[in-house]
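Quick notes on the structure that follows.
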Amino acid sequence: MTLNLSNEELIRRYQLAPKSDYRIVRLFRDSGRNYTIARNLTLAEAQEHCQNPESSSSTCTGKTGKARTRKCGPWFDAYADK
């Protein structure tokens, strides 16, 4: 099946599509280091990640987050645009 869409329809669909222009950056307080850990996220996806308690050393309860905190000191995840 082939879709024959006009340029106007293609532009309209592109403009309505969720934008994937965000990334998650993990920041470490003591070292000042930061790493991009996820890319091409929508704003809603990025906000959802950062609202998760596991996205910060001060609120995480999982083994991985606790181990990261012991090894690297305080950290948190933030979102940024590309």
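Summary table below
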quantity	calculated
Matching residues in segment 22-60 - criterion: being among the small types (Gly, Ala, Ser) and in contact with a strand residue (DSSP E or B) (Cβ under 7 Å, 6 or more places away or on another chain)	Ala38, Ala46, Ser55, Ser56, Ser57
Counted residues, segment 37-82 - those being within 25 Å of Ser20 (Cα to Cα) and free of Cβ contacts under 8 Å to residues at least 60 places away in the same chain	26
Search result, residues across segment 47-82 that are within 16 Å of Leu27 (Cβ to Cβ) and among the hydrophobic types (A, V, I, L, M, F, W, C)	Cys50, Cys60, Cys72, Trp75, Phe76, Ala78, Ala80
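All of the numbers you see were taken from the coordinates with simple rules; none came from a lab. Just so you know, these numbers come straight off a predicted model, no measurement behind them. Here the Cβ is made from the backbone with ideal geometry for all residues, glycine too, and neighbour counts use every protein chain on show.
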